[in-house]
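The next block holds one structure in the form of structure tokens; read it before the comments.
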Amino acid sequence: MSFELAPLPYANNALEPFIDAMTMEIHHDRHHAAYVNNLNAAIKGTDLEGKSLLEIITNISKAPMAVRNNGGGHFNHDLFWNIMAPNKGGEPTGALADAIKSTFGSFEDFKTQFNAAGATRFGSGWAWLIVKSDKSIAICSTPNQDNPLMDIAEVKGTPILGCDVWEHAYYLKYQNKRPDYMANWWNVVNWDAVADRYKAAL
Ligand code: MN3
């Protein structure tokens with residue numbers, strides 16, 4: 001059994017004007033596809049073949065770098081496509097909204113801290129909202145295609161929201177202006193999907 005690239009859950013142009021269709025097409029059909037193909041090549045014939053992606057990720061310290069980079073890339077992009085949707089944005093509600101308010105002060109303060117985590121990640125990586133083992137929530141960032149589920153992560157937890165801050169996620173439309181991309185990205189965050197992940201992580 002090899003890993004497969006799932007189709008985007010919406011059309012390439014569904015997140016316009018915040019994320020342009022060409023960026024989505026290249027990002028999913030080429031970058032994400034490459035992570036899947038390279039992951040399959042890296043595990044072929046090894047004892048990692050047949051293991052779940054979560055099992056591989058949570059024991060990533062034992063895997064070769066090609067598995068870390070491409071397994072992380074596959075996992076992270078699957079999450080990314082599914083916490084976005086057209087005509088979304090706004091604010092979370094319910095238990096997640098309460099947790100964000102009690103942890104960060106307000107939704108606006110949360111966004112400011114999350115944007116800072118993404119903006120200050122040098123080079124390529126991700127900004128995350130995670131649920132830690134004590135059920136509290138926290139913001140962190142990881143380099144490259146690492147994520148907070150990996151046993152090598154500095155800050156560990158279950159990611160429920162992630163923003164891809166690799167240049168391939170925004171360069172065509174926003175060039176070098178990563179903060180502008182992140183400011184617009186909030187308009188496509190699907191808080192219902194994030195709330196489902198929050199519930200599952202608790
Ligand atoms: Mn990417």
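The values are calculated or read from the model by the stated rules, or taken from the named source; none is laboratory data. On a predicted model such as this, the values are computed, not experimentally measured, just so you know. Cβ sites come from the backbone with ideal geometry, for glycine too, and all protein chains shown count toward neighbours.
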Problem set entry | Check on Ala127, within 30 Å of Arg30 (Cβ to Cβ) and more than 16 Å from the ligand (Cβ to nearest atom) | no
For this session: Exactly one condition in (1) in contact with a Phe, Trp or Tyr (Cβ under 8 Å, 6 or more places away or on another chain); (2) part of a helix (DSSP H, G or I) is not met by Ser102; state its number.
Result: (1)
Problem set entry | Cross-chain or 6+ apart pairs with Cβ under 8 Å, the stretch 1-23 first and touching a residue at least 24 places away in the same chain (Cβ under 8 Å), then aromatic (Phe, Trp, Tyr) and in a loop (DSSP other than H, G, I, E, B) | Ile19/Tyr170; Thr23/Tyr170
Seminar exercise, completed: Selection from the stretch 71-96 of residues away from the ligand (no atom under 16 Å from the Cβ) and either in a loop (DSSP other than H, G, I, E, B) or surrounded by 15 or more Cβ atoms within 10 Å (Cβ to Cβ) (or both) yields Ala85, Pro86, Asn87, Lys88, Gly89, Gly90, Glu91, Pro92, Thr93, Leu96
Exercise. When the residues of the stretch 157-189 are filtered to those that are part of a loop (DSSP other than H, G, I, E, B) and surrounded by 17 or more Cβ atoms within 10 Å (Cβ to Cβ), which remaining residue is farthest from the ligand (Cβ to nearest atom)?
Worked result: Gly157
Exercise. Taking the stretch 163-190 as the region of interest, how many residues are more than 14 Å from the chain's Cα centre (by Cα) and more than 20 Å from Gly73 (Cβ to Cβ)?
Worked result: 10
Exercise. If we scan the stretch 12-19, do we find a residue that is over 25 Å from Tyr174 (Cα atoms), modelled with pLDDT of 95 or more and away from the ligand (no atom under 12 Å from the Cβ)?
Worked result: no
Exercise. Failed condition for Phe107, given (1) without any contact (Cβ under 8 Å) to a residue 40 or more places away in the chain; (2) closer than 19 Å to Trp186 by Cβ; (3) in contact with a Phe, Trp or Tyr (Cβ under 8 Å, 6 or more places away or on another chain), with all others met?
Worked result: (3)
Exercise. For the stretch 122-156, which residues satisfy the criterion of being of a type in the set (Gly, Ala, Ser), touching a residue at least 40 places away in the same chain (Cβ under 8 Å) and in a loop (DSSP other than H, G, I, E, B)?
Worked result: Ser124
